[in-house]
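Encoded as C-alpha cells, the structure appears first; notes follow it.
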Amino acid sequence: MKFIILFVAAIALLAFFWIRVSHAGEAPNADQPAPDFSLPDQHGKLHQLADYHGKWLVLYFYPKDDTPGCTKQACTFRDDIVSLRKLGAEVVGVSVDDSASHAEFAKKYKLPFPLLADPQGDVAARYGSITNLVMLKFAKRNTFLIDPQGKIAKVYLAADAARNSAQVIADLTVLQAVK
C-alpha cells in the first residue's frame, strides 16, 4: 500500500512539474509584432523595444551568465559585432540573472552590448523563452531577429550557441537583400 501511495505521489509531482514547464508560454512567430520589454542592463540603464526602432535587433535569451554554452554564445556575438552593426543590427542578451551578475560577465568577456536582467522571467515568458521549475527559473536559449519596424523577422528556438551569430548574419544578409 505504501508503494502505491508513493507511486501516485511521484506521478502527481511529475505531472505538476510538466504542467509548469509546458505552460511557460509559446514563442511568438515570424511576422508577429515583437513583445515589448523594459529591463535594466548591466549598468542599470533601462532598455525598451522602442529604443531600437529603425534598427534590426538581435534579442537573444540565454540560461546563465558565465556558463560554457552561454559564454560561447556571448563571445561569438562579441566577435561578430562589427559585422552585425554593419548590417544595421544591435545585439541584446537577456537572462534571469541580475544586473550585478551581468556586469561581471560582460566585464570578464569584454561584451560590447547590453545584457538585460529579467529576474522574474516576465519578458522571457512573453517570448516563450522561460523554463520554470517552481523553485528554479532560467531562460531558454532562443534568439529573435526583430526588424526595424518592431516585427519578428526570424526565430531561432534552441539556438546553437556556437553558430547562432553566424546564422543571424546569414539570415540578416538575405532579409536585407529581399527588402
- Message: Considering only the stretch 44-63, I want to know if a residue exists there that is over 17 Å from SER165 (Cα atoms), free of Cβ contacts under 8 Å to residues at least 60 places away in the same chain, assigned to a helix (DSSP H, G or I) and among the charged types (D, E, K, R).
- Response: yes
- Mind checking which residues of the stretch 84-97 are surrounded by fewer than 20 Cβ atoms within 10 Å (Cβ to Cβ) and under 13 Å from TYR60 (Cα atoms)? GLU90
- Message: Give all pairs with beta carbons closer than 9 Å in which a residue from the stretch 129-140 that is more than 19 Å from LEU59 (Cα to Cα) meets a residue that is of a type in the set (Lys, Arg); count only pairs at least 6 apart in sequence or on separate chains.
- Response: ASN132/ARG20; LEU133/ARG20; VAL134/ARG20
- Task: Kindly indicate whether any position in the stretch 98-111 is surrounded by 14 or more Cβ atoms within 10 Å (Cβ to Cβ), in contact with a strand residue (DSSP E or B) (Cβ under 6 Å, 6 or more places away or on another chain) and under 30 Å from ASP31 (Cβ atoms).
- Result: no
- Given the residues VAL92, VAL96, which is the only one that is under 18 Å from ILE169 (Cβ atoms) and at pLDDT 95 or above? VAL92
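The values are calculated or read from the model by the stated rules, or taken from the named source; none is laboratory data. Keep in mind the model is a prediction, meaning the values are calculated, not measured. Here Cβ is always computed from backbone atoms with ideal geometry, including for glycine, and neighbour counts include all displayed protein chains.
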